[in-house]
1. What is the angle, in °, between the Cα long axis of helix 135-150 and the longest principal axis of the Cα atoms in the chain? Nearest 10 is fine, range 0 to 90.
2. If I model a spin label at residue 87 and residue 16 as a point 7 Å from the Cα along the Cα→Cβ vector, what separation in nanometres do I get?
3. Any chance you could give the angle, 0 to 90 degrees and rounded to 10, that helix 101-130 forms with the longest Cα principal axis of the chain?
4. Excluding residue 34 itself, what net charge comes from residues whose Cβ is under 15 Å from its Cβ, given Lys and Arg +1 and Asp and Glu -1?
5. How big is the gap, in Å, between the Cα center of the stretch 67-97 and the Cα center of the stretch 1-66?
6. Ordering 27, 86 by accessible area with a probe of 1.4 Å, largest first, what comes out?
7. With an 8 Å Cα cut-off and a minimum separation of 6 or more residues, compute the relative contact order for the stretch 1-143 in percent.
8. With labels modelled as points extended 7 Å from the Cα through the Cβ direction, what inter-label distance (nm, one decimal) is found for residue 127 paired with residue 77?
Amino acid sequence: MAIIPDKAAFQNSLADLAVVTYQAGESVIADGSKTGRLLILKKGTVAIEKEGTEIAKVTESGAVFGELSLLLDQPHTADVRAVETSQLHVANAAALLAQNPIAVLYIAKMLAHRLDGANHALIQLKNQLQSGEPHSVVAKTVNTIEGLLAVNGANLMYAGYPRDPFA
């Protein structure tokens, strides 16, 4: 067995958690709030917004929201809202991480993939700036970096970084 669990193992470990359904337009997490919860996308689509600007749409089951708030002991740093009817597992964050080592390792793996992706995108951005790429090309890379820094375990729905870190 691998040290780091795969998505299926993580999702199986969530079987006992409550599942909450959010309707289109409904707030899942509010920027600045401190909920003490981790939310894991089971089904649907959610948007991540910062200061009124959508930075990513997430459709990938297993995407985790609220981990940075928990790990850094700070309020949530973005709004998350349902784009369509969506189901999310809801967990007391501290309890889940204390009782579920699979969740801890899964979140660590997601954070590592996100950092790795952001590093690659930053190098790409620097190369684009040095070579004088058009603003539109640079803007796509900036959007990619924003999404990488905002979303865990997600297959982001925009050009530039459409990959599942667990594939």
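1. Rounded to the nearest ten degrees, it is 20.
2. For the pair residue 87/residue 16, the computed spacing is 2.0 nm.
3. 10 degrees
4. -3
5. 6 Å
6. 27, 86
7. Computed value for the stretch 1-143: 30 percent relative contact order.
8. 2.6 nm
The values are calculated or read from the model by the stated rules, or taken from the named source; none is laboratory data. It should be emphasised that the depicted structure is a prediction, and the values quoted were computed from it without experimental measurement. Here the Cβ is made from the backbone with ideal geometry for all residues, glycine too, and neighbour counts use every protein chain on show. Side chains are part of the model used for accessible areas, which takes the heavy atoms of the whole protein and leaves out ligands, DNA and RNA. Shrake-Rupley method; radii C 1.70, N 1.55, O 1.52, S 1.80 Å.
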